[in-house]
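Structure record follows, encoded as structure tokens.
All of the numbers you see were taken from the coordinates with simple rules; none came from a lab. Keep in mind that this is a model prediction, so the values were computed, not measured. Quick reminder, even Gly has a Cβ in these numbers, built from the backbone with ideal geometry, and neighbours come from all protein chains shown.
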Amino acid sequence: MYTEDDLLPLSALQHLVYCERQCALIHIEQMWDENRFTAEGRIMHEHVHDAAGESRGRVRIERGVPLRSLRLGLIGKADVVEFHLIPPPALSTPDGGSRHRAGKTTWFPFPVEHKRGKPKPDDCDKVQLCAQALCLEEMLGIDVPCGAVFYGRTRRRLDVEFDGYLRDQTEKAARQLHELIESGVTPRPVYTQRCANCSLNDRCLPRVFSKARSVRNYLLRALEEE
């Protein structure tokens, strides 16, 4: 269990899974540059968080829901949490009909994360959403088996099941995040195609530093040539 002073931003998990160096630049070196993509994403989140809660039939919608997990050491906000009303199980009646069993109804939490773009080839968005579900489970004492990511570019939801594999991946990412921040060390860059869309590309310089030769190796080769 972590303490309140140990809590790290839940959103950092998405940065970590997407690119460990990006995560370190943002959360260790406190670097942040905005481009069109990050600006659009920020505006989308602000719009979602500022909207009022609402009810639609058996669904109650809450926005900007505070989240915390002392087990994972995370704190943040869920863009949207839908609470679906689940009535007690029905009982059969002698005439072949049914009636609801007397008892308390259950509000089933269903987290929905909003993203500007489209589904990614990795699980960074799914891990962030699963972390929200794990926070809700710890806070509410209720199972949260699934949620969704809404993508602005496609205007569609991607349903996500929080199975054992994704939960393990999320818990591993949370531990890795704490280890990275505690180390204070920014990993070397590894250039990939997605670097071009990163707002920190001009600071990270992945093309330059990922190919840089070490001074030690350079000197050794120079001595061998002599």
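Tabulated results
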read-out: Chain lengthening between Tyr165 and Asp202 when straightened (0.36 nm per residue, less Cα-Cα); value: 9.8 nm
read-out: Viscosity 0.890 mPa s, 25 °C: Kirkwood-radius Stokes-Einstein D of region 95-195 over Cα pairs, µm²/s; value: 150 µm²/s
read-out: ³J(HN,Hα), Karplus 6.51/-1.76/1.60, whole Hz, each residue of region 137-144, x for Gly, Pro; value: 4, 5, 6, 9, x, 9, 5, 10
read-out: Cleavage-rule hits, trypsin sites (Lys or Arg not before Pro), region 148-178, DSSP coil, Cβ neighbours within 10 Å at most 10; value: Arg155
read-out: Separation of the Met1 and Arg156 label points, Cα + 7 Å toward Cβ, nm; value: 4.4 nm
read-out: Theoretical FRET efficiency, 1/(1+(r/R0)^6), r = Cβ-Cβ of Asp122 and Leu70, R0 22 Å, to 0.05; value: 0.20
